Structures are given as structure tokens and as C-alpha cells.
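Read the structure below first, then the notes.
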Amino acid sequence: MVVRRGTTGRTRTRWAAVAAVAAVLAGAYMAARGLGYVAGPSAGVSQPPILLVSRANYDLGTVSQAKGLLTVEMRVANGGAGELVISEMETSCGCTRAAIVAGGVPGPWFGMRGHGEWPTGWSARLGAGEEAVLRVQYDPDAHGPYRGPIDRLVVIYSNDPRQPQARVRLQGQQVE
């Protein structure tokens with residue numbers, strides 16, 4: 001539609017509303033596609049942290065109950081520009097616990113919420129591009145003489161606006 005000189009205020013208002021809706025839709029599309037953080041720091045836009053975990057699924061393989069406690073490690077990193085704050089973790093079962101080792105300093109063990117002491121006042125802070133270690137322990141003796149599949153989760157809580165809860169799944173087969 002062409003707007004000519006002398007167009008009524010109502011027509012201009014409609015076009016302004018159409019333009020506003022188009023801008024909102026374009027912004028929502030860009031945010032959904034991960035393009036919402038294109039403005040640089042000079043534009044006053046905060047750059048978010050991004051929690052990266054090297055393995056979302058970890059295959060424990062065959063776990064021997066006779067060999068006892070099993071410890072595995074994987075990398076966590078800040079793939080964003082803002083400071084990443086990991087505030088706590090929890091596991092899906094009391095047989096599993098997790099800790100973050102940041103800057104060579106091990107943090108407290110987090111387990112299943114409501115089972116035992118819960119660490120408070122702790123956080124791990126990673127600057128842009130910094131890495132830490134996620135250390136997970138599985139105790140095959142926790143359930144007595146169990147044989148069969150293992151399927152546990154570790155949930156990492158952070159200030160990543162796109163993924164405030166990252167999950168790591170550990171699977172395997174427990175034998176004697």
C-alpha cells in the first residue's frame with residue numbers, strides 16, 4: 001500500500017502497529033535461532049555465559065561391584081562472554097555424587113537432594129573460555145548386591161540463560 005500525502009492519522013497508526021509487530025517477530029526469530037546477541041559491548045548489551053559439557057551422555061561400560069567406587073571426569077567450560085556461575089548440582093540417586101574442580105581446587109560433593117548434608121554458600125565461577133572438571137563418583141555397593149543396568153543423572157545448575165540446568169547421563173551395566 002502506498003501512503004500519499006494527506007493520509008489520515010488512522011492509516012499511519014496502522015502502519016506503525018504493523019512495523020512494531022514485525023520488529024517483535026524478527027527479534028523473537030533471531031533470539032530463537034541464537035542470533036539475539038549480535039550487538040557488541042559498546043551497544044550496552046550484556047553478553048551471556050554459555051555452559052558447555054564435554055559429554056551429555058557418558059558410557060560407564062561394565063562396572064564391577066568387586067572393584068568398588070568408580071570415578072569419571074569430563075570437561076565443563078564457559079563458551080560465552082559473560083561470567084558463568086555454577087551454583088550447585090544434584091544427582092538422581094544416592095549412589096552417585098558430583099563435584100566441580102575449578103582452578104585446581106575441588107568443590108564440595110553434591111549428591112541426591114534430601115540425602116545427607118547439602119553444600120551451601122559454594123559456587124564455581126568461570127570466565128569466558130575457562131574450563132573446569134566435572135568429577136562424578138558412582139558407588140556400586142550403595143544398593144547391595146545389585147546386577148543390571150545403571151542409569152543416573154547429574155544436573156548442573158548455572159546462570160546460563162539458555163540452559164540453566166545442564167544434564168549429564170551416565171549409563172552402564174553393573175556386574176559382580
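Structure notes:
- Our coupling estimate for the range 52-63, obtained by passing each phi through the Karplus curve with A = 6.51, B = -1.76, C = 1.60 and θ = phi - 60°, is 10, 10, 4, 9, 7, 10, 10, 8, 6, x, 8, 10 Hz, Gly and Pro reported as x.
- Two-site FRET efficiency, residue 125 against residue 147, from Cβ-Cβ distance with R₀ of 35 Å, rounded to 0.05: 0.25
- Averaging 1/r over each pair of different alpha-carbon atoms in the range 33-176 and inverting the result gives 16.3 Å, the Kirkwood hydrodynamic radius.
- Estimated FRET transfer efficiency (residue 117, residue 71; beta-carbon r; R0 25 Å; 0.05): 0.80
- Dividing the C-alpha radius of gyration of the range 44-129 by 2.2 N^0.38 Å, with N its residue count, gives 1.27.
- Distance between the 7 Å Cα→Cβ label points at residue 63 and residue 173: 1.5 nm.
Where a number appears in this text, it was derived from the coordinates with a stated rule and is not lab data. Every value quoted in this text rests on a predicted model; they were computed, and no experiment measured them. Reconstructed Cβ throughout: ideal geometry from the backbone, glycine too, with neighbour counts over all protein chains shown.
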